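Visitor: The structure follows.
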Amino acid sequence: MKGNITIVLAVLLIAGNNAGAQIIRNPEAAAYLREDLTRAGVNSNCYEFPELKDTPAPKGYKPFYISHYGRHGSRSDWGSANYARLEKVLSEGKAAGILTPGGDSLLTLTREVIRLHDGMDGRLVPRGLYEHRMLADRMFHRYRRVFTKGSGKISAVSSMVPRCMLSMTAFTDRLSELDPGLDIHWDAGEKIQAYVDNVCPSDIDKSAYRIIDSLYAAEVPDTVLIFRRLFTDAEAGRRIAGDPVQFQRDIFAAGRVQDPFGLDGNIMAFLPFDVVYHNWEYVNINHFLHQCNSEEFGDRRLPAVRNLVDDIVSRADDAIRTGNHAADLRFGHDYPALNLVCYLGFEGVGERYDVEAARQHFNGSLYFPFAMSIQMVFYRNNSGDILVKFLLNEQETLLRGLAPVSGPYYRWNTVKANLKGYLQRSSHA
């Protein structure tokens, strides 16, 4: 089966690259998606583990403490209705004898998605455990001095949602395997939930959806090609599907989880690229308006993460003063993680755009995959001066509008003094 599906997908992908009339507002993002269509899920693509590169710290500075926020690893989605609709349409097409080889392959993959989902929304999958074990391994070896030269005490806290708690367990288990002498303390509860998680306020949520729906209601990609691909009788296939736009969305929904589930092939490749891009852009801008530094809502949305910022600052200051902690590890969700990096002003993800500029420049697929990782690594010299560098998904990141001491290294006191700077630094000022 794997070989046949792979051949069919290769043909579809070539055809898809030449099809469609969707306006590509963000060519760089489009090129990034074409490299790997599973990235089109935006916040449902698996962590990719980049090559690790470190800019040398200024002379005399050594790492001694890490403050961390990690999104849970790869999980199932909330797509039961989408998968069931898709399976029903394709099954009826098969019964009618009008499925193409591509349609038959998609039916097989859809049934696998349903089997693996198993009626459980938001469940951490084996890939999610692997991601956090690997992240812990890479952090330990990259900053071994933090774990071996200091107190060895590590605090790990989690959202009370099971996928986050399991992610924390996988991460800290790997640290314990690497150094059984580490003193790790775990915790979860309502007070912790209050700062490691947050939801978008209802007024912003409704306003954001009004903007999104008005933008995309009139921009529906052509639905003709997909029926020709999947059915030998395209018109009969369209009649079975009923709503052709929903049919394409259901394929996209199944495609969002094929990578976390580890399925062979690529469900996204059954869609013309303009359809993939259209659905990607909708999800991408949805997250930007709801969670990021938008001109429309950022001033009101981002302060919701202040409790998390306060926890990071107070614990870092305590570690600096007492030396009692090697690391503070937090495990939560993509919403507060996005709020956090925007509040801190990370370049790229933290840029301040209005919705039209965001459609041209923002690429969420780069920033918040499953297991999205935010690491703040603290350095000290013999005179007690403190520097910090920021890592987003293990890559050194600069702060918008704030001058570093050297490379990606900032004075901690300067960062603290500038924590609300995201509100004043507009990319369109």
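Visitor: Looking at region 126-161 only, could you name the residues that are touching a Gly at 6+ places or on another chain (Cβ under 8 Å) and either in a helix (DSSP H, G or I) or of a type in the set (A, V, I, L, M, F, W, C) (or both)? I'd like the intermediate steps shown before the answer.
Guide: Within region 126-161, the first condition is being touching a Gly at 6+ places or on another chain (Cβ under 8 Å), and the residues that meet it are 126-132, 135, 150-152, 158-161.
Correct list: P126, R127, G128, L129, Y130, E131, H132, L135, M160, V161.
Visitor: Does region 5-26 contain at least one residue that is touching a Leu at 6+ places or on another chain (Cβ under 9 Å), modelled with pLDDT of 50 or more, surrounded by fewer than 21 Cβ atoms within 10 Å (Cβ to Cβ) and outside any loop (DSSP other than H, G, I, E, B)?
Guide: no
Visitor: May I ask you to list the residues in region 235-244 that are surrounded by fewer than 17 Cβ atoms within 10 Å (Cβ to Cβ) and either closer than 13 Å to E92 by Cα or modelled with pLDDT of 95 or more (or both)?
Guide: E235, A236, R239, G242 - these are the residues of region 235-244 that are surrounded by fewer than 17 Cβ atoms within 10 Å (Cβ to Cβ) and either closer than 13 Å to E92 by Cα or modelled with pLDDT of 95 or more (or both).
Visitor: Enumerate the pairs (first residue in region 173-192 and in contact (Cβ under 8 Å) with a residue 40 or more places away in the chain and closer than 21 Å to N324 by Cβ; second residue anywhere and open to solvent by 80 Å² or more (accessible area, probe 1.4 Å) and in a strand (DSSP E or B)) with beta-carbon separation below 7 Å, excluding pairs fewer than 6 apart on the same chain, so at least 6 apart or on different chains.
Guide: Nothing qualifies.
Visitor: Counting only residues that are of a type in the set (A, V, I, L, M, F, W, C), give me the helices (runs of 4 or more DSSP H) lying completely in region 268-371 with at least 1 of them. Write out each step before concluding.
Guide: Working: elements: 273-291, 298-301, 306-322, 334-344, 355-361.
Hits in region 268-371: 273-291, 306-322, 334-344, 355-361.
Visitor: Which ones in region 356-372 are open to solvent by less than 40 Å² (accessible area, probe 1.4 Å) and either in contact with a Phe, Trp or Tyr (Cβ under 8 Å, 6 or more places away or on another chain) or among the charged types (D, E, K, R) (or both)?
Guide: A358, R359, F362, N363, G364, S365, P369, F370, A371, M372
Visitor: Within region 108-119, how many residues are out of contact with any Phe, Trp or Tyr (no Cβ under 8 Å at 6 or more places or on another chain), surrounded by fewer than 21 Cβ atoms within 10 Å (Cβ to Cβ) and within 14 Å of G265 (Cβ to Cβ)? Steps first, answer last, please.
Guide: Within region 108-119, the subset out of contact with any Phe, Trp or Tyr (no Cβ under 8 Å at 6 or more places or on another chain) is 108-109, 111, 115, 118-119.
Of the ones still in play, those that are also surrounded by fewer than 21 Cβ atoms within 10 Å (Cβ to Cβ) are 108, 111, 115, 118-119.
When the remaining residues are screened for being within 14 Å of G265 (Cβ to Cβ), the result is 108, 111.
Qualifying residue count, region 108-119: 2.
Visitor: What number of residues within region 253-288 are open to solvent by less than 10 Å² (accessible area, probe 1.4 Å), over 16 Å from the mean Cα position of the chain (by Cα) and closer than 14 Å to V42 by Cα?
Guide: The number of residues fulfilling the criteria is 4.
Visitor: In addition: Just to be sure I understand, how many residues within region 78-107 are open to solvent by less than 50 Å² (accessible area, probe 1.4 Å) and in a helix (DSSP H, G or I)?
Guide: Within region 78-107, the first condition is being open to solvent by less than 50 Å² (accessible area, probe 1.4 Å), and the residues that meet it are 79, 82-83, 86-87, 89-91, 93, 98-100, 102-103, 105-107.
Next, only the ones that are in a helix (DSSP H, G or I) stay: 82-83, 86-87, 89-91, 93, 102-103, 105-107.
Residues that pass the stated criteria total 13.
Visitor: Looking at (1) over 23 Å from the mean Cα position of the chain (by Cα); (2) surrounded by fewer than 17 Cβ atoms within 10 Å (Cβ to Cβ), which is the only condition L182 fails?
Guide: (2) is the only condition that L182 fails.
Visitor: Same structure again: Select, from R145, R174, the only residue that is open to solvent by 10 Å² or more (accessible area, probe 1.4 Å), of a type outside the set (V, I, T) and out of contact with any helix residue (DSSP H, G or I) (no Cβ under 8 Å at 6 or more places or on another chain). Walk me through it before giving the result.
Guide: Working: R174 fails: out of contact with any helix residue (DSSP H, G or I) (no Cβ under 8 Å at 6 or more places or on another chain).
Criteria check complete, one pass: R145.
Visitor: Still on this structure, I have one more. So which of D205, D222, D250 is outside any helix (DSSP H, G or I) and touching a residue at least 24 places away in the same chain (Cβ under 8 Å)?
Guide: On the way: D205 fails: outside any helix (DSSP H, G or I); D250 fails: outside any helix (DSSP H, G or I).
That would be D222, the only listed residue that is outside any helix (DSSP H, G or I) and touching a residue at least 24 places away in the same chain (Cβ under 8 Å).
Visitor: List every residue pair whose Cβ atoms sit under 8 Å apart, with the two residues 6 or more apart in sequence or on different chains, where the first one lies in region 56-72 and is more than 15 Å from P408 (Cβ to Cβ) and the second, anywhere, is in a strand (DSSP E or B) and of a type in the set (K, R).
Guide: Cβ pairs passing all conditions: K62/R380; F64/R380; H68/R330; Y69/R330; G70/R330.
Visitor: Next question. Evaluate the following for Q291: is it under 16 Å from I374 (Cβ atoms), open to solvent by less than 30 Å² (accessible area, probe 1.4 Å) and within 19 Å of the chain's Cα centre (by Cα)?
Guide: Yes: the conditions hold for Q291.
Visitor: So A358 ticks every box in (1) more than 30 Å from P162 (Cα to Cα); (2) out of contact with any helix residue (DSSP H, G or I) (no Cβ under 6 Å at 6 or more places or on another chain); (3) in contact (Cβ under 8 Å) with a residue 60 or more places away in the chain but one. Which box is left unticked?
Guide: Among (1) more than 30 Å from P162 (Cα to Cα); (2) out of contact with any helix residue (DSSP H, G or I) (no Cβ under 6 Å at 6 or more places or on another chain); (3) in contact (Cβ under 8 Å) with a residue 60 or more places away in the chain, the lone unmet condition for A358 is (2).
Visitor: Okay, next question. Quickly run through region 381-412 and pick out the residues that are part of a strand (DSSP E or B) and either without any contact (Cβ under 8 Å) to a residue 24 or more places away in the chain or crowded, with 19+ Cβ neighbours inside 10 Å (or both). Walk me through it before giving the result.
Guide: If we filter region 381-412 for residues that are part of a strand (DSSP E or B), which is where we start, we get 386-392, 395-397, 399, 406, 409-411.
Correct list: I386, L387, V388, K389, F390, L391, L392, T397, L399, Y409, Y410.
The values are calculated or read from the model by the stated rules, or taken from the named source; none is laboratory data. Everything numeric in this text was worked out from a predicted model, so none of it was measured. Using ideal geometry, Cβ is built from the backbone for each residue, glycine included, and neighbour counts are taken over all protein chains shown. Calculation scope for accessible area: heavy atoms of the full protein, side chains included, ligands and nucleic acids excluded. Shrake-Rupley method; radii C 1.70, N 1.55, O 1.52, S 1.80 Å.
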